[in-house]
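Enquirer: Dropping the structure in here first, questions after.
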Amino acid sequence: MSPSGSPTLRTPQAPPRSPRPRPRTPRLRTALGVGALTLVAGGAAAWELLTPREPAPGPPEVKSFHSRPRLDPDVLTRTTPAGAAPARGLAPGFVFVAVKRGPGQDGPMIVDDRGRPVWFRAVGGDRTATALQVQRYRGRPVLTWWEGNTHLGHGHGEYVVMYASYRELARVRSVASELPDHHEFQLTPRGTALMTLYVERRADLSAVGGRRDGTIVESRIQEVDVATGRLVWEWRSADHVPVTEGLTAPKEDKPHDYFHANSIEVDRDGDLIVSARNTHAIYKIDRPSGRIVWRLGGSRSDFAMGPGTRFAFQHDARRRADGTLSLFDNQATPAKAEESRGLVLRLDRRRMTARLVRSYPHPDGLLAGAEGNLQTLPNGNVFVSWGPEERVSEFSRDGRMLLDLALPEGADTYQAFRFPWRGRPLARPAVAAHRRGERVTVWASWNGATHVRRWRVLAGPSRRALRPIGRPLRRTGFETALHMRTAARFVAVRAVARDGRPLRTSRAIRPTGR
């Protein structure tokens with residue numbers, strides 16, 4: 001419950017419209033891969049292909065759209081293989097990020113392998129978003145992400161659960177006066193959610209050079225029923241892990257964040273695997289007792305750490321299908337090594353040893369002082385976010401880089417994922433149009449639709465008297481520009497599927513200009 005006793009599950013609300021307080025990069029509007037539609041005498045339509053316009057050198061940092069003028073997402077740029085089509089061997093699906101602190105609007109975003117937006121939702125005010133991914137809720141695929149405010153590495157906000165139609169199912173909060181932290185949110189087959197939250201608590205810090213009447217930031221894990229908001233289970237770090245395991249020194253002016261839980265994984269036996277950044281350790285936690293089954297890494301490792309297995313300030317510990325354990329090894333801050341890496345380890349429970357299976361460093365030697373994750377994909381590839389180092393990458397099983405997307409300077413995404421996704425928006429397509437004499441440019445988009453192959457233009461003397469003109473045109477990205485010559489007063493666009501089926505039609509509009 002909240003402090004006032006209100007339920008933790010909030011009624012879904014429409015997102016606030018994001019203001020634009022930051023200076024924007026000048027907008028560059030480029031028509032991509034389009035043709036010209038000419039209406040000839042007698043109303044017959046003749047199709048006349050034009051050479052696609054070349055985009056201006058160097059992509060802008062912020063993307064803008066005629067048909068969706070309220071959306072200004074940051075641009076992701078493909079850096080490898082340079083100037084070529086996407087590398088062979090990529091896993092199927094789209095890339096899921098939540099970009100923040102960039103020149104554009106903050107918010108969760110799905111992009112294709114070229115970095116082009118497929119879906120974007122701006123978050124309003126001073127809020128930001130993290131951890132956009134696909135999960136399953138009661139057997140159905142859903143989008144989940146965190147929205148809120150961050151301070152000193154902790155988050156205070158709520159988790160959003162959204163259907164494939166982009167309609168909100170729920171906003172989930174913790175059962176406490178403190179709001180959920182942004183580090184982890186895992187849906188379970190039981191209809192519950194596991195999440196992290198950070199709570200200040202009095203503690204004796206004299207054993208680590210602090211005050212006897214000091215304050216710690218305790219990491220808590222809560223399991224909450226998504227539908228009712230009821231607390232199912234809770235674990236508190238200070239009840240099971242002493243402050244002496246923390247490997248960061250207390251600071252006089254701040255509560256001591258000695259544990260800093262940043263990932264939760266349900267193991268194959270139902271127990272939890274939890275990563276704690278500030279102890280440099282991964283813990284297996286028994287449910288329901290909460291006792292520590294084993295520690296991997298840190299100052300009290302139960303496993304003998306083999307060559308190349310030591311990690312520091314890590315994130316995202318996950319059990320893989322073959323029984324190995326993956327994680328993102330930050331090695332900073334402060335720096336313990338020259339570069340961060342994705343890491344796969346094999347744990348021998350009989351001999352209690354940890355062995356290195358594979359390491360995934362970035363070719364540029366990136367050292368991520370915070371954030372990051374490693375996702376193992378169904379085809380054996382791995383997908384890695386480098387946090388504040390402004391890159392997300394895909395590697396083959398044997399470590400070859402297949403894809404590298406760069407964020408704008410200063411931007412980052414806490415995590416990045418790849419998932420198959422079929423988005424079917426409830427909202428209809430958006431359209432904009434501008435006239436200069438009989439030359440009309442129409443812009444078509446459908447935020448989040450993944451099944452649009454082509455666009456068809458409709459025109460007519462009134463909103464109720466539209467008819468298709470010309471043949472459908474290939475979709476060229478989030479927004480497709482279509483050029484025509486017509487004296488019709490109204491235009492609209494219709495989305496067309498890969499098999500030629502008509503999908504949804506936009507509203508009819510009068511082009512601006514004259």
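Read-outs: derived from the displayed coordinates by stated rules, not from any lab. Values in this document were obtained by computation on a predicted structure and should not be read as measured data. Cβ sites come from the backbone with ideal geometry, for glycine too, and all protein chains shown count toward neighbours.
Enquirer: Output the peptides 486-492, 227-233 sorted from most to least packed, where packing is the average of other Cβ atoms within 10 Å over each peptide's residues.
Expert: 486-492, 227-233
Enquirer: Oh, and also: May I ask for the equivalent-ellipsoid semi-axes of the chain, computed as the square root of five times each C-alpha gyration tensor eigenvalue and listed largest first in whole Å?
Expert: Equivalent ellipsoid semi-axes, largest first: 47, 24, 20 Å.
Enquirer: Could you give the distance between the Cα centres of the stretch 244-302 and the stretch 149-179, to the whole Å?
Expert: Answer, in whole Å: 23.
Enquirer: Among S462, S219, S506, which comes first, second and so on when ranked by fewest other beta-carbon atoms within 10 Å?
Expert: Neighbour counts put them in this order, fewest first: S462, S506, S219.
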